[in-house]
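Data first, discussion second: the structure below is written as structure tokens.
The values are calculated or read from the model by the stated rules, or taken from the named source; none is laboratory data. What you see is a predicted model, and the numbers here were worked out from it, not measured in a lab. Cβ sites come from the backbone with ideal geometry, for glycine too, and all protein chains shown count toward neighbours. Just the protein is used for accessible areas: all its heavy atoms, side chains included, with ligands, DNA and RNA removed. Shrake-Rupley method; radii C 1.70, N 1.55, O 1.52, S 1.80 Å.
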Amino acid sequence: MYLTESNIRDVVFKQYRYKLQAYLGVFTSLMFIQVLGMLFSISGTGSMGGSAGTFSYDVKTYSGSLVAIFTLVWAFSNGISLTTKQHRYDDFNFITTRQVSNLANVLFLATASVIAAIMGLLTTYALRLVVSQFLRTPSIAVDQLSLVEACKGLGGFFLYILLFASVGYFIGMLAQMNKIVAFLLPVLLIVVITIQAYLGGEATLIVDIGSFYVLEASFFLFAVKSVITTFFFFLLAYMLGNRLEVGV
């Protein structure tokens, strides 16, 4: 059946709504890992101390870094899971094409990333509440963020989550195309890191890649970098998906 532009739009949103209803387990797992990250963070994510004569002090740092890390892993794994045969065959409950399926998947991942970012922020505030009210910490200093800074933090977290989801989606699609190539990617990464460490004495590839985004002082430039990279991985996954449709 030939799909006109209006038909494509309708089918994309039908698939998108179907995924939101059918994949509720995705959000259940999100809640679980974020609560798990919060529980691991209760003991503190860093500490330091010292003494001088009869005076001593002990400082613990609490942050939502573990919640963020667990959320990024969740996003990466969900990007991969959408490319599996089971999920691809679910799409064909509708009159669809690979283009429609990819667009619906991108919308779903974007929506899931928004929800994950908001829940991550709420979990971080819950951690702060637990530490200050229930653990009865003797003295606590809290970084106060303005509304603009909080919005930037939420937006930045969303972009990180969507970026990891796009990488997972690309790798998952690559694995469906050629499992050998997908296996060789991490091997190649390990080899490059090993060679870099052997020649330069320090393996900094992962650090350098992360610094390209994390150390960007301008939120606008960071957003541009993240959006372009995310679009690039989704585009590659889309191209691989079109070839996969012919091969299956």
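Filtered by the rule that a residue be in contact (Cβ under 8 Å) with a residue 40 or more places away in the chain, in contact with a Leu (Cβ under 8 Å, 6 or more places away or on another chain) and of a type in the set (G, A, S), region 148-183 gives A165, S166, G172. Does region 22-34 include one or more residues that are touching a helix residue (DSSP H, G or I) at 6+ places or on another chain (Cβ under 7 Å), closer than 21 Å to S132 by Cβ, assigned to a helix (DSSP H, G or I) and at pLDDT 85 or above? Among the residues of region 22-34, at least one is touching a helix residue (DSSP H, G or I) at 6+ places or on another chain (Cβ under 7 Å), closer than 21 Å to S132 by Cβ, assigned to a helix (DSSP H, G or I) and at pLDDT 85 or above, which makes the answer yes. Cβ separations smaller than 8 Å between residues 6+ apart or across chains give the following pairs from region 85-111 residues that are under 22 Å from L30 (Cβ atoms) to residues that are charged (D, E, K, R) and at pLDDT below 75: A104/D91. Is region 64-84 home to any residue that is modelled with pLDDT of 75 or more, surrounded by fewer than 20 Cβ atoms within 10 Å (Cβ to Cβ), of a type outside the set (G, A, S) and not in a helix (DSSP H, G or I)? Yes, because at least one residue in region 64-84 is modelled with pLDDT of 75 or more, surrounded by fewer than 20 Cβ atoms within 10 Å (Cβ to Cβ), of a type outside the set (G, A, S) and not in a helix (DSSP H, G or I).
Here I115 does not qualify as at pLDDT below 85 and either assigned to a loop (DSSP other than H, G, I, E, B) or of a type outside the set (S, T, Y) (or both).
Kindly evaluate S218 against the criterion of being open to solvent by less than 70 Å² (accessible area, probe 1.4 Å), among the hydroxyl-bearing types (S, T, Y), over 21 Å from L72 (Cα atoms) and at pLDDT below 90. Yes; evaluated as a whole, the condition is true for this residue.
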